[in-house]
Amino acid sequence: MFGTGWASAIGSSMRRSTTWTALTALSSLLATRGPALAAAPGVATPPGVVVSAAPARERPGFTASFGLGSAYGVLGLQVRYDRPLRPWLHLAPFLGGGTNTESGWSSLVGSVGLSAGLGWRHRLTADFVLAPVVWNELNLHGTEVDLRTIYGPHLAAGYEHASDSGAFQRVLVGYGWGEWGKGAGPFPSEQTLTVGFGWRVW
Amino acid sequence: MVRRLAPMAGAVLVALGGAVAAGCGGTPPCGLRVCDARDPACQDAIAACAACLRQVPPVAVPVTVVGLEEYLEQQSAPTISPEAEQRFVSWNAVLALWGLAPPDLTPAEAARAQAGQVAAFYSVDVKSIVIVDRGYPLDSQGMMETLVHEYAHAIQDARFDIGHLFEQYGGDFDRAQAVGALVEGEATDVEDLAAVGLFGDQPGDVPWDRVYRSWQERARKTALESSLPVLLAPFHFRYPFGSEMVHDAMAAGGWAAADALFAIPPSGTREVLAGFGAPEPASGPWTEDLVDDAVPVLPERFAFQSADRMGAWTAEMLLERAGLPFARAASEGLRGDVLSVYRDAATGGVVGFWRFRFSSIDLATTVAGASGIWQNGRAHQVERDVTLTIASDAGSLLDIPENLAFQPAPPTTAAAFANRPSAVGQLGCAPPADW
């Protein structure tokens, strides 16, 4: 297990690259609570010492969330698998789906992506998502005739708060590039806002 | 296991890729792609696409881009003679008395108002296309569709000589509206084929009837709310009603049926409003010229200014704006009309006479009964004919006999403000809805 505090983190990264060092330092600054104490394997626990397990946010597992934004199909649900590479560095592939006003709430669209988080409780987070970017409308003389979902890659960055229980709240801003959809492009690109609320389900 | 899964995963990926290519790629119509409208190669491609959609050989004409302000400045500085300006002022003053124009409209303002509706146009005189740069991307789907529309006009001009078509069949405001509906209707249909194809749909997927009903009702509403329903009638009427007429012709007999319309264009807005294939009413022809009953015989103090046949669409606007519930029925039964304008030397005011000839006496009686709506206005009915008279000065009205004698209109008196291509040399195209 890693030691607590940011001095230890800095110390452990001295032989790594400058970028790595900077990321590590930044994550330490974001941490208001360091990793929980735990006994090292093979080390006997002294009597009277309470050993606490790592909080849920630092353990791998599935979370479910609901929210707004392209990763949710505008308004929808998302399931992600949180995989902490370090207690302060998390990767989470996810699948999402939802509906939207553009389609008159009548159709479901999906999203798939990868989220990365840097920090303990307070995290810098970034998403790479393949999801709907815009809805292309065939409008003939003022009459909406057909509507198409245009998918594309999104990049978003923002803030995520993760509690010990694994519940989280996140807000990200980003940009999506409309790339794939029926009909002749080019398709437009859009700025995006993502807001999500989730909890650990397993 | 991994070895077995790898080819399976590869197959799935290939299948997915194929599905994306087949399902999401679409087949743009006649090779149309989004490109930069300023690029000559792009222009050639759009010209070829318009011709392919219309199933005729392409016509190449140059395309230029002009700034909106520059275009509005050009159009709002028309060179008209003092006499023509005087006729315009008198004509407009009478329209204003009937609630069909603002009273103080100048020729420059009128030209600017018309130019303000134009996103691009094909110049019949110069044989070129001009895009009015309103800041809309020149490499967008909407711009491609607009250019297809303008190239369709170039094709029409090469095949049917649009200027000659208007000279031959568009001799008055009503007939010019009908010929304009044919010309704009066909170009809009070609544009629609491009729009549907660019979207990846098939024309058969489109609920055309719903599109036209909705568009036409909106056009009526726009015209009713417009302060310039006569001046902007070419924009309100020609596109929605002409489009459906040509579309229905195509549906019935392909492009050959549209060609047949160019051989014998509709006689007026009444026929266009009735729709393609509507039989001529049993009570008589679609249109009837008033010939010897066109303009009133008046004392010498009333100086003739101009006269024109306005047609069913304008009559509907007049009666509908007056709140008369039978407006549409009256326009459907309107066989002929002449609006004539005079200036009263005694008062300096204007007097207007609008003689209508309906398909039945009952219809004429209904319209004549509503004449009290307009201030300084009155109506006089003789069988199927109703003459509405209006004056800017009550004194003028008192000196005009109610039972007027009529005569043929003086030659070359048609009001020159009807936005005919022969007058303005342009076939404009209104901006798409999303501009």
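The values are calculated or read from the model by the stated rules, or taken from the named source; none is laboratory data. Not measured: the values here are computed from a predicted model. Cβ coordinates were reconstructed from backbone atoms using ideal geometry, including for glycine residues, and neighbour counts include every protein chain displayed.
Out of all the residues in region B:198-211, which are facing chain A (nearest Cβ under 9 Å), more than 18 Å from B:Glu145 (Cα to Cα) and in a helix (DSSP H, G or I)? Step through it out loud before you land on a result.
Residues of region B:198-211 that are facing chain A (nearest Cβ under 9 Å), as a first pass: B:198-201, B:205-208, B:210-211.
Right, trim to more than 18 Å from B:Glu145 (Cα to Cα) and you get B:205, B:207, B:210.
The answer is B:Asp205, B:Arg210.
State all residues of region B:159-177 that are polar (S, T, N, Q) and either within 14 Å of another protein chain (Cβ to nearest Cβ) or touching a residue at least 12 places away in the same chain (Cβ under 8 Å) (or both); if no residue qualifies, say none. Steps first, answer last, please.
Step one: of region B:159-177, the residues polar (S, T, N, Q) are B:168, B:177.
Within region B:159-177, B:Gln177 is the sole residue that qualifies.
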### Task
Answer yes or no as to whether A:Leu172 is more than 14 Å from every other protein chain (Cβ to nearest Cβ), crowded, with 20+ Cβ neighbours inside 10 Å and out of contact with any Pro (no Cβ under 9 Å at 6 or more places or on another chain).
yes
Of (1) under 29 Å from A:His141 (Cβ atoms); (2) of a type outside the set (D, E, K, R); (3) in a strand (DSSP E or B), B:Ala303 satisfies every one except (1)
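Can you tell which of B:Leu231, B:Leu290, B:Leu273 is out of contact with any His (no Cβ under 8 Å at 6 or more places or on another chain) and at pLDDT 95 or above? Lay out the reasoning, then the answer.
Details: B:Leu231 fails: at pLDDT 95 or above; B:Leu290 fails: at pLDDT 95 or above.
The match here is B:Leu273.
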| For region B:227-239, does any single residue satisfy the condition of being within 8 Å of another protein chain (Cβ to nearest Cβ) and basic (Lys, Arg)? | no
Checklist entry - Would it be correct to say that B:Gly242 is at positive phi and either touching a strand residue (DSSP E or B) at 6+ places or on another chain (Cβ under 6 Å) or part of a helix (DSSP H, G or I) (or both)? => result no
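Residue by residue, here is whether (1) away from every other protein chain (no Cβ under 14 Å); (2) at pLDDT 95 or above; (3) within 16 Å of B:Leu53 (Cβ to Cβ); (4) in contact with a helix residue (DSSP H, G or I) (Cβ under 7 Å, 6 or more places away or on another chain) holds:
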{"position": "B:Val179", "(1), (2), (3), (4)": "yes, yes, no, yes"}
{"position": "B:Leu182", "(1), (2), (3), (4)": "yes, yes, no, yes"}
{"position": "B:Glu186", "(1), (2), (3), (4)": "yes, yes, yes, yes"}
{"position": "B:Val196", "(1), (2), (3), (4)": "no, no, yes, yes"}
{"position": "B:Gln216", "(1), (2), (3), (4)": "no, yes, no, yes"}
{"position": "B:Met250", "(1), (2), (3), (4)": "yes, yes, yes, yes"}
Checked region B:220-239 for anything surrounded by 21 or more Cβ atoms within 10 Å (Cβ to Cβ) and part of a helix (DSSP H, G or I); matches are B:Ala223, B:Ala233, B:Pro234, B:Phe235, B:His236, B:Phe237, B:Arg238, B:Tyr239
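Is one or more of the residues making up region B:115-135 in a helix (DSSP H, G or I) and either of a type outside the set (S, T, N, Q) or within 28 Å of B:Asp289 (Cα to Cα) (or both)?
Yes, because at least one residue in region B:115-135 is in a helix (DSSP H, G or I) and either of a type outside the set (S, T, N, Q) or within 28 Å of B:Asp289 (Cα to Cα) (or both).
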Counting only strands (runs of 3 or more DSSP E) wholly inside region B:340-412, the ones holding at least 2 residues that are among the hydroxyl-bearing types (Ser, Thr, Tyr) and surrounded by 15 or more Cβ atoms within 10 Å (Cβ to Cβ) are B:385-391
Within region A:175-202, the residues that are more than 14 Å from every other protein chain (Cβ to nearest Cβ), farther than 14 Å from A:Leu68 by Cα and not in a loop (DSSP other than H, G, I, E, B) are A:Tyr175, A:Gly176, A:Trp177, A:Glu190, A:Trp199, A:Arg200
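Is it true that B:Glu288 is surrounded by 15 or more Cβ atoms within 10 Å (Cβ to Cβ) and within 14 Å of another protein chain (Cβ to nearest Cβ)?
Working: surrounded by 15 or more Cβ atoms within 10 Å (Cβ to Cβ): yes; within 14 Å of another protein chain (Cβ to nearest Cβ): no.
The answer is no for B:Glu288.
I'm trying to understand the selection: among the residues of region B:97-114, which are touching a strand residue (DSSP E or B) at 6+ places or on another chain (Cβ under 9 Å) and either assigned to a strand (DSSP E or B) or within 30 Å of B:Gly372 (Cβ to Cβ) (or both)? Explain how you work it out, then say what you get.
Start the filter on region B:97-114 by keeping residues that are touching a strand residue (DSSP E or B) at 6+ places or on another chain (Cβ under 9 Å), which leaves B:97-98, B:114.
Hits for region B:97-114 are B:Leu97, B:Trp98.
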Taking region A:125-163 and the residues there that are crowded, with 20+ Cβ neighbours inside 10 Å and more than 14 Å from chain B (Cβ to nearest Cβ), the one that is farthest from B:Tyr239 (Cα to Cα) would be A:Ala162
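Is it the case that A:Val79 is under 15 Å from the mean Cα position of the chain (by Cα) and not aromatic (Phe, Trp, Tyr)?
Details: under 15 Å from the mean Cα position of the chain (by Cα): yes; not aromatic (Phe, Trp, Tyr): yes.
In short, yes.
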